[in-house]
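Engineer: Below: one structure in structure tokens.
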Ligand code: XBP
Ligand code: MG
């Protein structure tokens with residue numbers, strides 16, 4: 001019996017990385033008077049590292065002009081990340097980020113058919129709130145039984161912790177949940193928690209190779225209405 005949909009955020013609900021986070025990181029570098037800029041190709045390789053602060057630290061490790069390892073480096077990453085999230089929220093509020101095709105329809109139909117819905121993301125809670133508020137309105141949280149974000153876990157995706165916590169919060173067995181993911185790290189996190197994933201690759205990702213998704217589709221407009229019955233292979 002399918003009982004719950006567990007949504008990833010970045011790349012799945014919206015294409016947040018290209019015109020959202022990446023540009024916002026560059027705005028933060030500029031605001032701090034730093035010469036660094038992340039182009040699309042470099043950002044694509046950095047997306048292997050989940051979590052914006054962790055991504056910054058990973059990038060610093062390859063830069064001769066970044067502070068050396070230690071408190072100063074940590075502090076700069078924290079400050080840049082905070083600033084980036086501020087710019088990201090501004091971009092979202094300005095309407096620059098829209099939902100991917102089929103997302104809002106599927107959320108509505110899942111709600112109507114009695115499925116529980118949760119969010120399981122590595123992104124910061126403030127970014128989730130900014131995006132969902134813009135897409136669904138100020139009461140968006142009412143439609144979700146659980147919202148698990150980067151702050152809620154010790155280990156980010158591809159570790160399964162965020163999915164395990166979502167299942168606990170939903171009181172749902174892994175076999176009764178379906179994850180919606182865009183990236184291979186997300187598919188792996190879901191799979192390692194025992195949750196089947198429907199993958200809709202976003203601009204930076206191909207279909208997951210190492211841990212194959214349960215199903216892959218270009219976008220959720222290809223999916224028919226879910227039912228609260230068995231996860232049927234014909235669901236797509
Ligand atoms: C994707 C990520 C995040 C975002 C930025 O998260 O890896 O790090 O790029 O988020 P998901 P923060 O696909 O799991 O939603 O800067 O807030 O960490
Ligand atoms: Mg994602």
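Engineer: May I ask you to verify whether residue 91 is in contact (Cβ under 8 Å) with a residue 60 or more places away in the chain and buried (at least 16 other Cβ atoms within 10 Å of the Cβ)?
Structural biologist: Criteria met by residue 91.
Engineer: Moving on. So which residues in the stretch 172-195 are in a helix (DSSP H, G or I), more than 17 Å from residue 116 (Cβ to Cβ) and under 15 Å from the mean Cα position of the chain (by Cα), if there are any at all?
Structural biologist: 184, 185, 186, 187, 188, 189
Engineer: If we scan the stretch 75-82, do we find a residue that is part of a helix (DSSP H, G or I), out of contact with any helix residue (DSSP H, G or I) (no Cβ under 7 Å at 6 or more places or on another chain) and within 26 Å of residue 165 (Cα to Cα)?
Structural biologist: yes
Engineer: Separate question: Looking at the stretch 17-38, is at least one residue crowded, with 20+ Cβ neighbours inside 10 Å and not in a helix (DSSP H, G or I)?
Structural biologist: no
Engineer: I would also like to ask the following. If only one of 52, 44 is within 11 Å of ligand 1 (Cβ to nearest atom), outside the structural domain of residue 126 (by TED's automatic domain parsing) and either surrounded by fewer than 18 Cβ atoms within 10 Å (Cβ to Cβ) or at pLDDT 95 or above (or both), which one is it?
Structural biologist: 52
Engineer: Can you find a residue in the stretch 59-74 that is touching a residue at least 12 places away in the same chain (Cβ under 8 Å), within 19 Å of the chain's Cα centre (by Cα), closer than 22 Å to residue 185 by Cα and not assigned by TED's automatic domain parsing to the domain that holds residue 127?
Structural biologist: no
The values are calculated or read from the model by the stated rules, or taken from the named source; none is laboratory data. In this text the structure is predicted, and so the values were computed from the model without any measurement. Note: ideal-geometry Cβ built from the backbone for every residue, glycine included; neighbour counts use all protein chains shown.
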